[in-house]
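Handing you this structure, nothing more for now.
Read-outs throughout are calculated quantities, based only on the coordinates presented, and are distinct from any laboratory measurement. No experiment lies behind these values; they were computed from the predicted model shown. Note that we place each Cβ from the backbone using ideal geometry, even for glycine, and neighbour counts take in every protein chain shown.
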């Protein structure tokens, strides 16, 4: 059976060197969408605001509540933001495809970056989309700190970075995979990375544009070790 991950090539392929300025300066550079109070924490990556609207924390994904570490992720977010005023900072699009507000969050008191803290503590993982990539490099760095220290979900086998052979037999779901690209196949509007063990990764057309913007070609990945993140399916 061939397994496919619709992949965002991240740490080894598309990231640029980090600038010298701190996270606070990068947050300050984002447009403010105002402030609101968090009245309910729904999951580890979604809250309800005092105006009744739901807000998805941009750039991250938390385990489902019925999955390992799902409730712990929600509890960590609740300790940070429940009953607190937060500042909504533009991550790109104002809403996600489900109509929820979408933003980077910063506590009004203390000005702590919420996503950054969750990632460093291993409560969530990075998952960006073309419409919400603000602070992607910074989030990957924070995630790496949590993963290297085996904090939170990174202490559980279910969430560790997989190699191709493991990903090929893992249940469907969001995964981070490291593998060597054996071959690149070119489609009419996508690229397929053959990673061995019956496992492949799709680079969709919109991601190919990201390669073009960095002056790199997907063809340059052949023979290289890459880290991918995306949804694994049959």
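Quick check: the angle from helix 205-214's long axis to the longest principal axis of the chain, C-alpha only, nearest 10 degrees?
That works out to roughly 90 degrees.
To the nearest 10 degrees, how steeply does helix 70-81 sit against the main Cα axis of the chain, on a 0 to 90 scale?
In the chain, helix 70-81 runs at an angle near 40 degrees to the longest axis.
If you don't mind, another one. What number, rounded to the nearest 500 deg cm²/dmol, is the helix-based mean residue ellipticity at 222 nm of the chain, given -39500 (n - 2.57) per DSSP H run of at least four residues and division by all its residues?
-6000 deg cm²/dmol
From the square roots a ≥ b ≥ c of the eigenvalues of the alpha-carbon gyration tensor of the chain, which class results: rounded (a/c under 1.5), prolate (a/b over b/c), or oblate?
prolate
Only residues of region 75-116 count here: report those whose backbone N is under 13 Å from the spot 7 Å along Cα→Cβ of residue 37, or say none.
82-86
Residue 48 to residue 158: FRET efficiency via 1/(1 + (r/R0)^6), r the Cβ-Cβ distance, R0 30 Å, to the nearest 0.05?
0.60
Something else: Nearest 5 percent is fine: what portion of the DSSP beta bridges confined to the chain is antiparallel?
80 percent
While we're on this one: Compute the distance in nm between two label points, each set 7 Å from the Cα along the Cα-to-Cβ direction, one at residue 151 and one at residue 190.
Rounded to a tenth, the inter-label distance reads 3.6 nm.
How far is helix 136-148 tilted off the main Cα axis of the chain, in degrees rounded to 10, range 0 to 90?
Tilt of helix 136-148: around 80 degrees.
Separation of region 189-211 and region 126-167 by C-alpha centroid, Å?
20 Å
Would you mind getting me the FRET efficiency between residue 90 and residue 182? Use the beta-carbon distance for r and R0 = 30 Å, nearest 0.05.
0.15
Right, next: Could you put 30, 193, 55 in order, starting from the residue whose Cβ has the fewest other Cβ atoms within 10 Å?
30, 55, 193
Once R0 is set to 45 Å, what does the formula 1/(1 + (r/R0)^6) return for the Cβ-Cβ distance between residue 212 and residue 109, expressed as a FRET efficiency to the nearest 0.05?
Approximately 0.60, to the nearest 0.05.
Right, next: Could you calculate the contour length gain from residue 231 to residue 29, that is, 0.36 nm times the residue separation minus the distance between their Cα atoms, to one decimal place in nm?
Here the segment from residue 231 to residue 29 would lengthen by 69.6 nm.
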